[in-house]
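Colleague: Once you've had a glance at the structure underneath, I'll fire off some questions.
The values are calculated or read from the model by the stated rules, or taken from the named source; none is laboratory data. Since the structure is predicted, the reported quantities are computational estimates derived from the model, not experimental observations. Heads up, the Cβs are rebuilt from the backbone with ideal geometry, glycines too, and the neighbour counts pull from every protein chain shown.
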Amino acid sequence: MAPDRERKLWWLSLLSLPVLVAAAFGINAWRNIEEYLRRSESEIVTGTDAGSLDYAGALWRLEKVRLIGDGRDTATRFPGDMRLVVVRLVATAHDDIGERWNQCQVSLSDDTGRRWQPLDVTLSNDISRDLEPKVDPVKGCGITSLAPPKRNSAVMIEEKFVVPADAASKLAVRLSFASSRPKMISLPLGL
Amino acid sequence: MRIVFLIIMIVLSTVVLATLQATTPPYAMLTGPIMTDGRQGETVAATTFSAQIKQVQKAKTLAWDQFGRAVERQSSGTWVIVSAELQAMRETMPVRGATIIGMSGRLYHQSQRAQAAPNVLSAKTVQPGLPTTGIFIFEIPEEETRNMVLVLSRQYGPQLEDELHITLEQNGLVSRGRLEIGKNGP
Amino acid sequence: MLKPISRKTNKALLTKLLAGIGGLLAAAISLGYSLYEKRQAEIIPQVAIATPVDAGRWKVSLNGGVTGGEMPNGSHITPGKQAIAIDMVLENLSVESANSYRHLIKLQNIPDAPMPQFYLMRDKDILWDMQPMMPEVVKAVWQVPADLSLPKELRVMVEGETFKPRDNLYAAPGWFPSGSVAQVALPLAPAPAAEARP
């Protein structure tokens, strides 16, 4: 009786070994996968009001989109397929924002999943001065998020992107803050 | 009989374990770059970016204009200037890691003495859908300029990122005395 | 009743001893080896000026020391400080471009010397990476307080590095410091009068 039970226990322990190893690995990996998903942009906030989205304590809308480089907006023509897209967003705070606007990420994406990151601040400001020499350049999301608007006041954010001409009609602007991820907003540019 | 069996099992498991230990890839390789091979002239494509090497030139002296001043750089070896066209497939990215593996297998990173030259690709960002052309400049001893392989990546020491290995052509590599680099390349 | 119990205890003790002997042997061998390595006297060879010294990853030959003067790229010395510069020929002996020459040279008889700044004399500009097997004339500059009295002779230590194909942590190749390789006595001279700039 006793050796029989002992043998059964021995076999049971041996067989449960791969199961336990897989479980230990899986639990650890799952924690990391969950954290990675939480940090990435995976949930799109859908809007109720046409063109206006509620995100991170403010209502967001697309203010102005400019496509430069084909001679229609300004006389500038860029070589080849290159186009400059200038995107302006307006955010009206309906809550106290506090620290919620941190680590802003803005990008343009098309229907195939390609992503364009905005131009860096120095280049963006240089281009702003070329386009509108008499006006101060509108700040980008990174700088604006350091001083978010107070309740019931609005702020304008501008970012510039270099995109190929064939993707210009399928672009949408994506924005997210670290504290609100995985939620993000996506507004089609309508070019 | 049992003892013989036991000894055989011990020896066998020692051999198996030793083989497993000797053939485990090191940590650096497991978390290292994802390599794609190719040759000069064809478009070598990885998942995130691709490159096509157009021309390779050698020169003893490089010259360019910096803020209106003429700058010259000479080398105890030779300058190797590689013209390339880069394309990004997924996202905006820079291509800052450029190394040439010389004939002896030594790794020559791109020369920081010539980083301020116009049209250097490691200072540009490549946007998806927009091919970007430019040059990479290296400083290599003369005897290493045979069987060169160009290694490109987003940054030096890529970890689980794409790395292109492109074999550069042997023939037709002409050496000049002096190469002027203008705004649109050499 | 006593004898059987003591025999059992003896056997148990013997088994425990045999089981632990492997671990004890390993510890003893490791200790003995590290003691043996330390036992060899630490004599650092004295090397003459302008003789190449093989420091593992770098080959350096020190040519001379000067004080004062301007930086090779024209920038001025910080007010309140004076400059000590050593001229040398530096070569990268490893397989990859590297810029870790900052720890190669140590000044023995200057207290609290800061990190030196290296200049490539071919360009008269700051030195970045050094390519393998391409020796260059290089100047290393230390900025020390101006009121420090400088010795007539600089005693310089050259630090060596050894290559480990698999290190102890990641099994990755790397260069690790291996102690001083050579000692050089450099006479210190004031800088020659600056050439007239065109």
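Colleague: Would you tally the residues in the range C:124-182 being in contact (Cβ under 8 Å) with a residue 24 or more places away in the chain and either more than 20 Å from the chain's Cα centre (by Cα) or away from chain B (no Cβ under 12 Å) (or both)?
Modeller: Within the range C:124-182, residues that are in contact (Cβ under 8 Å) with a residue 24 or more places away in the chain and either more than 20 Å from the chain's Cα centre (by Cα) or away from chain B (no Cβ under 12 Å) (or both) number 35.
Colleague: Sticking with this structure for a sec: Report, ordered by the first and then the second residue, all pairs with beta carbons closer than 7 Å, sequence separation of six or more or different chains, a first member in the range B:103-114 that is at the interface with chain C (Cβ under 7 Å from one of its Cβ atoms), and a second member that is of a type in the set (S, T, N, Q).
Modeller: Correct list of pairs: B:LEU107/B:THR99; B:LEU107/C:SER97; B:TYR108/B:THR99; B:TYR108/C:SER97; B:TYR108/C:GLN131; B:HIS109/B:THR99; B:HIS109/C:SER97.
Colleague: Which numbered condition in (1) touching a Ser or Thr at 6+ places or on another chain (Cβ under 8 Å); (2) outside any strand (DSSP E or B) is the only one that C:TRP175 fails?
Modeller: Every condition holds for C:TRP175 apart from (2).
Colleague: Kindly check whether there is at least one residue in the range A:133-154 that is touching a Ser or Thr at 6+ places or on another chain (Cβ under 8 Å), of a type in the set (Val, Ile, Thr), surrounded by 13 or more Cβ atoms within 10 Å (Cβ to Cβ) and not assigned by TED's automatic domain parsing to the domain that holds A:GLU35.
Modeller: Checking the range A:133-154: at least one residue is touching a Ser or Thr at 6+ places or on another chain (Cβ under 8 Å), of a type in the set (Val, Ile, Thr), surrounded by 13 or more Cβ atoms within 10 Å (Cβ to Cβ) and not assigned by TED's automatic domain parsing to the domain that holds A:GLU35.
Colleague: Right, something else. Can you tell me which residue within the range B:72-88, out of those that are surrounded by fewer than 17 Cβ atoms within 10 Å (Cβ to Cβ) and farther than 15 Å from B:VAL120 by Cα, is farthest from the other protein chains (Cβ to nearest Cβ)?
Modeller: B:GLU72
Colleague: Sort through C:ALA113, C:ALA85 and tell me the only one that's surrounded by 14 or more Cβ atoms within 10 Å (Cβ to Cβ), of a type in the set (Gly, Ala, Ser), assigned to a loop (DSSP other than H, G, I, E, B) and more than 11 Å from chain B (Cβ to nearest Cβ).
Modeller: Answer to the check: C:ALA113.
Colleague: Another question about this same structure. If you go through the range C:116-143 one residue at a time, how many are surrounded by fewer than 16 Cβ atoms within 10 Å (Cβ to Cβ), part of a strand (DSSP E or B) and in contact with a Pro (Cβ under 7 Å, 6 or more places away or on another chain)?
Modeller: Count: 0.
Colleague: While we're looking at this one, here's another question. Write out, first by first residue and then by second, each pair whose Cβ atoms fall under 8 Å of each other, whose residues are 6+ apart or on separate chains, and whose first residue, in the range A:134-151, is among the polar types (S, T, N, Q) while the second is not in a loop (DSSP other than H, G, I, E, B).
Modeller: Note: pairs meeting the criteria are A:THR144/A:VAL155; A:THR144/A:ILE157.
Colleague: Oh, and also: Does any residue of the range A:101-115 turn out to be away from chain B (no Cβ under 13 Å), loosely packed, with under 12 Cβ neighbours inside 10 Å and out of contact with any strand residue (DSSP E or B) (no Cβ under 8 Å at 6 or more places or on another chain)?
Modeller: Checked the range A:101-115: no residue is away from chain B (no Cβ under 13 Å), loosely packed, with under 12 Cβ neighbours inside 10 Å and out of contact with any strand residue (DSSP E or B) (no Cβ under 8 Å at 6 or more places or on another chain).
Colleague: For the range B:143-183, which strands (runs of 3 or more DSSP E) that fit wholly inside it have 1 or more residues that are under 19 Å from B:ARG96 (Cα atoms)?
Modeller: Qualifying strands (runs of 3 or more DSSP E): B:149-153, B:162-167.
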